[in-house]
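Visitor: There's a structure below that I have some questions on.
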């Protein structure tokens, strides 16, 4: 017994005497000492924290296979195997390149995200912008790079047509993303901003992952699985909706049904159109989210809608003659996507989307029926080698089929099927946290015109200060000619655009300043004398768009006030379609300006917003003039207000009025097809059907979670 | 032979108690230091100590509780929004490390809710709605996971108070939650786990005095 006690004492003292000291200095890359670094022996409590001089010192009992870990917030963890005698050691830590400290490639893109504090916009900003009516394109139209085209409500980017902007949801293409509307009434996106947790709006120079868009890509990322149950009811002057979200084990399911009918609204607000049937629609949405394994997420989304309207349209030359016109649309969009991590470094994303859209439009006895079927399938691998190097590779297949039936005196049937295969690779490299380079290639094969192509994309960014950076981008982009062209001439060449962009951005403490200059060159645009005369088709049209854009946002200077100011200057001309030379097209305006303000007023428990938008004159073709596109519309002005009043925690009352001043905006003129007896073509101004749009709604949330209401949804 | 077995046995016991005692000793020294440290440097040193313990003890959630709590406290030492967010996000990720050890732990879920609540207070005007949803979600969940957790009720009470102030009128159930917390603190049996969190009684009482006085 005595022996064993002695032995124990001996062993214990041996252990005590086996303690040895590890000490040293921790520095950053530039040799400056680092404070607060955790230095310790792996698997033990033995360690210390570096002091102001970067020094540390501690004792450890472990002697064999000693692994030292050096770890600090914002730096890459170092693991050092210590062998034999070690006196003092010096460790240099490299700063981790993260979203928070690194340069980001911003040329050409505006990002909205809840997660990244440095983004210019939040998803909520989209919903609360006055004048935008909680419509994504409506809100993006207050950003630089867009031109107001009031009669369509679509995104027109940097002198491009509306069709040159493509929308992607979770990476998958959407066809016909706008709801049909009455003539000259701005259409809305079919997709509510509340569905999304992030948006990236590129006005040029975007990633090789996206194609078939000459000007712009709007990439929307839908929300992840919901974590609480809720049911929402909305009663609006234009209809009602009900939605519910239920959590599932490892997932959630959400459904929404919306009914819109403008008949009662038109009773109160006089319209300068004669309605037979005011716009009426049913919309249904279902979203399922299911987590699989540790990192997998499956998203299913379906949107179904049916809408119709009927008006009496006056003849331009003889306004007393009213012709019945109808528009109806049935629409389905299905999107399934899945992503997961395969290992520490590899992740995959895959998805498929289907769109069917069946349009019918008639004017008197003539009618046009068009059925569109679109699909898109994609597989992408994401490889994250380190914080400095990442690679994205993938392939995709896009198809669309358009069937038309035109009925005038005779009936015509036309049909075109287009398939495009593409593969892409893009690598992103950070030389340091201050210099980033992104370079990609996109190869495409179009089965319709048998065109094979490879387009480069390059972007770089350099951090010029703690809060400022410059960024440049170059890329070549292509897109199939417009539907009306390819349905006449399936072998039509693809249209091309080359973008050059330079950007400076300064973001600090709630203030953002951006200036961006760009040049975009179009080539191979379709030209014709008569769109129905296929023999007259040529693909030699070209053009340019160049401009300077400014953006300023300030959330800091005035308490509870958030505002942004955008200005875009655009110089563009193109020779295409039936243009006799280079002209500024009717959808382009040289100067666009917006001021968006939002303020929360505590006393009123309300958020109020005011937006002013301006667009300078647009061209139109004056048929009574010899010169082409010689007409100039008046400038466009709009002053819109909105207010969201928190009646209680879960009841919100929202009101808004667009064009509060009732300014008579003219978007262009339509001309009679034949001259009158004096040889003059009669004309009619293209104007909104009512000067103001007024909206009132009550939004009620039913949830056990009292913190949830629909304000984020407004 | 017998003797040598005995010797080995006693050595094993000696080792065992050292190994066990080590956790108790280290935690016992570090937990009060989290509460008493008065500067970012001191606090980081204690957090570092606790994260070493957390990494060594794969089955203990408590070290992560205190590193998470420490980062919430740390965010208070900084002025800029970016710094505050950085530490509050670290607080959330530390709480999640703890939840990876003990999934349904009401204390850790409360801390996540606490961190969201602090993120909300950085910029209530723009963050109000998103973050109040996140904070309530976690705090309600914490109460549901363990209705006997006084800290969950206390934090929920603070959140309810803040929201009610924002909405104007009423207390949003804050005083009821605080009273529940007070009651639970007063009647709490001495904890089985000496390292489980025990803070909050004083702050609850002073919150009641400030907000629920007649």
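The values are calculated or read from the model by the stated rules, or taken from the named source; none is laboratory data. Bear in mind the structure is a predicted one, so any value in this text is a computation, not a measurement. Here the Cβ positions follow ideal geometry from the backbone for every residue, glycine too, while neighbour counts run over all protein chains shown.
Visitor: Working only within segment A:598-619, note down all residues that are assigned to a strand (DSSP E or B) and at pLDDT 95 or above. Reasoning before the result, please.
Guide: Narrowing segment A:598-619 to residues assigned to a strand (DSSP E or B): A:598-601, A:606-615, A:619.
Within segment A:598-619, A:610, A:611, A:612, A:613, A:614, A:615, A:619 meet the criteria.
Visitor: Right, here's the next one. With respect to the numbered conditions (1) within 12 Å of another protein chain (Cβ to nearest Cβ); (2) assigned to a loop (DSSP other than H, G, I, E, B), which one is the sole condition not fulfilled by residue B:134?
Guide: That leaves (2) as the condition not met.
Quick grid of which residues meet (1) assigned to a loop (DSSP other than H, G, I, E, B); (2) more than 9 Å from every other protein chain (Cβ to nearest Cβ); (3) under 30 Å from residue A:384 (Cα atoms); (4) modelled with pLDDT of 70 or more:
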position: A:4; (1), (2), (3), (4): no, no, no, no
position: A:15; (1), (2), (3), (4): no, no, no, no
position: A:21; (1), (2), (3), (4): no, yes, no, yes
position: A:30; (1), (2), (3), (4): yes, yes, yes, yes
position: A:92; (1), (2), (3), (4): no, yes, yes, yes
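Visitor: Among the residues of segment A:530-548, count how many are surrounded by 12 or more Cβ atoms within 10 Å (Cβ to Cβ) and farther than 30 Å from residue A:501 by Cβ.
Guide: So the first thing to find is which residues in segment A:530-548 are surrounded by 12 or more Cβ atoms within 10 Å (Cβ to Cβ), and the list is A:531, A:534, A:536-548.
Okay, now just the ones that are also farther than 30 Å from residue A:501 by Cβ, so A:531, A:534, A:536-537.
So the answer is 4.
Visitor: Identify, please: which residue in segment A:76-89 is at pLDDT 85 or above and outside any strand (DSSP E or B) and is, among those, nearest to the other protein chains (Cβ to nearest Cβ)?
Guide: Going through segment A:76-89, the residues at pLDDT 85 or above turn out to be A:76-81, A:89.
In the following step, the residues that additionally are outside any strand (DSSP E or B) were identified as A:76-77.
Values: A:76: 16, A:77: 11 Å.
Out of the qualifying residues, it is A:77.
Visitor: Please pick out the residue among A:660, A:690, A:655 that is more than 12 Å from chain B (Cβ to nearest Cβ), more than 22 Å from residue A:584 (Cβ to Cβ), in contact (Cβ under 8 Å) with a residue 24 or more places away in the chain and assigned to a strand (DSSP E or B).
Guide: On the way: A:660 fails: assigned to a strand (DSSP E or B); A:690 fails: assigned to a strand (DSSP E or B).
The conditions single out A:655.
Visitor: Right, something else. If we scan segment A:532-549, do we find a residue that is in a strand (DSSP E or B) and within 14 Å of chain B (Cβ to nearest Cβ)?
Guide: Let us first name the residues in segment A:532-549 that are in a strand (DSSP E or B), namely A:538-549.
Cutting the leftovers down to within 14 Å of chain B (Cβ to nearest Cβ) gives us none.
Looking through segment A:532-549, none of the residues is in a strand (DSSP E or B) and within 14 Å of chain B (Cβ to nearest Cβ).
Visitor: If I go through segment A:363-383 residue by residue, how many of them are more than 28 Å from residue A:333 (Cα to Cα) and within 24 Å of the chain's Cα centre (by Cα)?
Guide: Here is the first cut: in segment A:363-383, the residues more than 28 Å from residue A:333 (Cα to Cα) are A:364-366, A:383.
Then drop every residue that is not within 24 Å of the chain's Cα centre (by Cα), which leaves A:383.
Selection size over segment A:363-383: 1.
Visitor: Within segment B:163-185, which residues are within 19 Å of the chain's Cα centre (by Cα) and away from chain A (no Cβ under 14 Å)?
Guide: Initially, segment B:163-185 is screened for residues within 19 Å of the chain's Cα centre (by Cα), giving B:177-178, B:180-182, B:184-185.
Correct list: B:178, B:180, B:181, B:182, B:184, B:185.
Visitor: Please go through segment A:496-529 and pick out each residue that is under 30 Å from residue A:100 (Cβ atoms), buried (at least 19 other Cβ atoms within 10 Å of the Cβ) and out of contact with any strand residue (DSSP E or B) (no Cβ under 6 Å at 6 or more places or on another chain). Spell out how you get there, then give the answer.
Guide: Residues of segment A:496-529 under 30 Å from residue A:100 (Cβ atoms): A:499-518.
Filter once more, so that each one left must be buried (at least 19 other Cβ atoms within 10 Å of the Cβ): A:499, A:501, A:503, A:505, A:507, A:512, A:514, A:516, A:518.
Listed by number, the list holds a single entry, A:507.
Visitor: Here is a follow-up. Sort out for me the strands (runs of 3 or more DSSP E) sitting completely within segment A:160-258 that have 3 or more residues that are within 12 Å of the chain's Cα centre (by Cα).
Guide: Output list reads A:165-169, A:196-202, A:216-222.
Visitor: For segment B:89-106, which positions are more than 10 Å from chain A (Cβ to nearest Cβ), surrounded by fewer than 23 Cβ atoms within 10 Å (Cβ to Cβ) and either touching a strand residue (DSSP E or B) at 6+ places or on another chain (Cβ under 6 Å) or part of a helix (DSSP H, G or I) (or both)?
Guide: B:92, B:93, B:96, B:97, B:99, B:100, B:101, B:106
Visitor: Can you pull out every residue in segment A:218-237 that is away from chain B (no Cβ under 14 Å) and either surrounded by fewer than 21 Cβ atoms within 10 Å (Cβ to Cβ) or modelled with pLDDT of 95 or more (or both)? Give the steps one after another, and end with the answer.
Guide: Filtering segment A:218-237 down to residues away from chain B (no Cβ under 14 Å) leaves A:218-222, A:231, A:233-237.
Matches in segment A:218-237: A:221, A:222, A:231, A:233, A:235, A:236, A:237.
Visitor: Could you list, in sequence order, all residues of segment A:52-75 that are in a loop (DSSP other than H, G, I, E, B), within 12 Å of another protein chain (Cβ to nearest Cβ) and under 46 Å from the mean Cα position of the chain (by Cα)?
Guide: Start the filter on segment A:52-75 by keeping residues that are in a loop (DSSP other than H, G, I, E, B), which leaves A:52-54, A:61-65, A:72-74.
Subset that is within 12 Å of another protein chain (Cβ to nearest Cβ): A:52, A:61-62, A:72-74.
Selection gives A:52, A:72, A:73, A:74.
Visitor: Looking for whichever is closer than 28 Å to residue A:126 by Cα and within 14 Å of chain B (Cβ to nearest Cβ) here; the options are A:558, A:515. Which one fits? I'd like the intermediate steps shown before the answer.
Guide: Values: A:515 fails: within 14 Å of chain B (Cβ to nearest Cβ).
The match here is A:558.
Visitor: Further question: Filter segment A:32-51 down to the residues that are part of a strand (DSSP E or B) and over 17 Å from residue B:47 (Cβ atoms) and list them by number. Steps first, please.
Guide: Narrowing segment A:32-51 to residues part of a strand (DSSP E or B): A:33, A:38-41, A:47-49.
Scanning segment A:32-51 gives A:33, A:41.
Visitor: Something else now. Would you point out the residue of segment A:118-141, among those that are within 14 Å of chain B (Cβ to nearest Cβ) and touching a helix residue (DSSP H, G or I) at 6+ places or on another chain (Cβ under 6 Å), that is modelled with the highest pLDDT?
Guide: The first filter runs over segment A:118-141 and keeps only residues within 14 Å of chain B (Cβ to nearest Cβ), leaving A:118-129.
In the following step, the residues that additionally are touching a helix residue (DSSP H, G or I) at 6+ places or on another chain (Cβ under 6 Å) were identified as A:124, A:126-127, A:129.
Details: A:124: 71, A:126: 78, A:127: 74, A:129: 88.
Checked segment A:118-141; the qualifying residue modelled with the highest pLDDT is A:129.
Visitor: Across segment B:53-77, what is the number of residues that are away from chain A (no Cβ under 11 Å), in a loop (DSSP other than H, G, I, E, B) and surrounded by 15 or more Cβ atoms within 10 Å (Cβ to Cβ)?
Guide: 3
Visitor: Within segment A:507-527, restricting attention to residues that are more than 22 Å from the chain's Cα centre (by Cα) and modelled with pLDDT under 95, which residue is farthest from residue A:214 (Cα to Cα)? Can you show your working first?
Guide: Within segment A:507-527, the first condition is being more than 22 Å from the chain's Cα centre (by Cα), and the residues that meet it are A:508-509, A:521-527.
Retained after the next criterion (residues that are modelled with pLDDT under 95): A:508-509.
Numbers: A:508: 33, A:509: 35 Å.
In this case the residue turns out to be A:509.
Visitor: Can you confirm whether residue B:57 is more than 17 Å from residue B:116 (Cβ to Cβ) and without any contact (Cβ under 8 Å) to a residue 24 or more places away in the chain?
Guide: Working: more than 17 Å from residue B:116 (Cβ to Cβ): yes; without any contact (Cβ under 8 Å) to a residue 24 or more places away in the chain: no.
Answer is no for this residue.
Visitor: Does residue A:424 count as part of a strand (DSSP E or B) and modelled with pLDDT of 95 or more?
Guide: Values: part of a strand (DSSP E or B): yes; modelled with pLDDT of 95 or more: yes.
For residue A:424, the condition - part of a strand (DSSP E or B) and modelled with pLDDT of 95 or more - is met.
Visitor: Still on this model: Just give me the residues in segment B:34-52 being crowded, with 23+ Cβ neighbours inside 10 Å and over 13 Å from residue B:69 (Cβ atoms), in sequence order.
Guide: Hits for segment B:34-52 are B:44, B:48, B:49, B:52.
Residue-by-condition table, conditions (1) in contact (Cβ under 8 Å) with a residue 12 or more places away in the chain; (2) in contact with a strand residue (DSSP E or B) (Cβ under 6 Å, 6 or more places away or on another chain); (3) under 30 Å from residue A:101 (Cβ atoms); (4) surrounded by fewer than 21 Cβ atoms within 10 Å (Cβ to Cβ):
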position	(1), (2), (3), (4)
A:412	no, yes, no, yes
A:417	yes, yes, no, yes
A:420	yes, yes, no, no
A:423	yes, yes, no, yes
A:430	yes, yes, yes, yes
A:461	yes, yes, yes, no
A:487	yes, yes, no, yes
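Visitor: Evaluate the following for residue A:681: is it more than 30 Å from residue B:143 (Cα to Cα), modelled with pLDDT of 85 or more, assigned to a strand (DSSP E or B) and more than 14 Å from every other protein chain (Cβ to nearest Cβ)?
Guide: Values: more than 30 Å from residue B:143 (Cα to Cα): yes; modelled with pLDDT of 85 or more: yes; assigned to a strand (DSSP E or B): no; more than 14 Å from every other protein chain (Cβ to nearest Cβ): yes.
Criteria not met by residue A:681.
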